[in-house]
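Read-outs: derived from the displayed coordinates by stated rules, not from any lab. These numbers were taken from a predicted model, which means no experiment stands behind them. Here the Cβ positions follow ideal geometry from the backbone for every residue, glycine too, while neighbour counts run over all protein chains shown.
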Ligand code: SF4
């Protein structure tokens with residue numbers, strides 16, 4: 001069987017406890033397997049079970065998630081752990097129950113229910129949709145509700161009563177390693193005879209490409225303000241992108257050195273030398289930040305309300321700085 005012979009060795013496959021599968025599926029919602037691996041090991045070592053996850057302080061949780069992005073996943077994971085413990089005493093074992101937990105959509109609930117509990121339920125991610133667009137030689141936009149419903153119907157019939165989780169993972173694995181986006185490796189495929197796109201010579205044309213959403217461009221100035229060997233940071237406001245995460249002083253617009261100096265003074269700060277750190281970009285789902293960075297040496301410790309001075313060790317140990325800002329932090 002394709003999956004037995006070719007599945008990648010992954011820590012949550014080696015030891016597929018419900019908790020480990022649950023954490024891994026949330027981590028993989030917006031992160032590639034290779035990128036998630038080191039985070040997964042660190043996360044489950046620090047928070048080895050649902051109770052530890054449900055009780056972890058938010059700053060510690062976000063610190064463990066630092067670098068993975070999409071931090072609401074971590075917050076939902078913690079909420080889901082608390083709700084599962086309160087309602088069921090452990091992770092619930094059915095798709096319908098798992099789907100009621102925060103952050104658990106159809107795909108994640110299907111993956112956890114089938115992999116951890118063996119329930120015969122599909123787990124349809126982008127990889128699976130791509131494989132089916134080709135197997136069926138279907139020109140529909142793969143994420144359209146109609147196409148998803150068609151794939152779901154087929155899978156509900158096809159999933160074997162035993163090894164439901166392996167069947168779902170085999171499909172995901174096929175999409176991730178063989179039936180890959182632009183150049184499918186049909187020679188390595190276990191099901192070429194069932195593939196209508198292959199027979200029609202259309203495997204590279206399908207699935208239809210979705211138009212990328214346009215992103216709003218925002219210009220920012222990021223000031224890494226240091227007093228002696230300490231660096232100033234604050235929590236981002238509620239309602240903003242990256243709300244609740246820590247940031248260096250971030251101002252609207254691309255400011256020149258002199259404009260920045262004026263802004264800092266208007267906030268009660270006393271800037272000394274200001275050195276440019278250059279432009280950087282960061283891309284969120286719907287927004288693109290174009291940033292100008294500066295290193296600011298302060299001649300007093302006066303800071304605006306909400307900002308705190310951290311030693312570098314304390315900053316790295318205690319708070320989580322989103323990767324948009326780490327790009328500058330790494331430069332100092
Ligand atoms: Fe994908 Fe090629 Fe296999 Fe068809 S034959 S499912 S296009 S890898």
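Observations, loosely collected:
- The stretch 104-133 versus the stretch 256-332: alpha-carbon centroid distance in Å: 42 Å
- Normalised per residue, the volume of the convex hull around the Cα set of the stretch 91-152 (Å³): 85 Å³
- Computed helical MRE - 222 nm, the chain, DSSP H runs ≥ 4 contributing -39500 (n - 2.57), nearest 500: -12500 deg cm²/dmol
- Förster radius 56 Å - calculated FRET efficiency between residue 49 and residue 305, Cβ distance, rounded to 0.05: 0.90
- Ranked list, fewest to most other Cβ atoms within 10 Å of each Cβ, for 289, 246: 289, 246
- Residue 217 paired with residue 10, simple spin-label distance in nm, labels 7 Å along Cα-to-beta-carbon: 3.7 nm
- Helix axis angle, 145-158 relative to the chain longest principal axis, alpha carbon, degrees: 50 degrees
- Kirkwood Rh in Å, taken over all unlike Cα pairs in the stretch 5-152: 16.1 Å
- Once the Cα-Cα distance is subtracted from the 0.36 nm per residue extended length, the residue 331 to residue 96 segment shows a gain of 79.9 nm.
- Pair residue 191, residue 281: separation of 7 Å Cα→Cβ label points (nm): 3.7 nm
- Note on 60, 32: ascending count of other Cβ atoms within 10 Å places them as 32, 60, the fewest first.
- When the alpha carbon coordinates of the chain are projected onto the principal axes, the ranges are 71, 48, 32 Å, largest first.
- Neighbour-count ranking [beta-carbon atoms within 10 angstrom, fewest first] of 294, 88, 107: 88, 107, 294
- Helix 33-46 vs. the chain, principal-axis angle (Cα, 0 to 90°, nearest 10): 70 degrees
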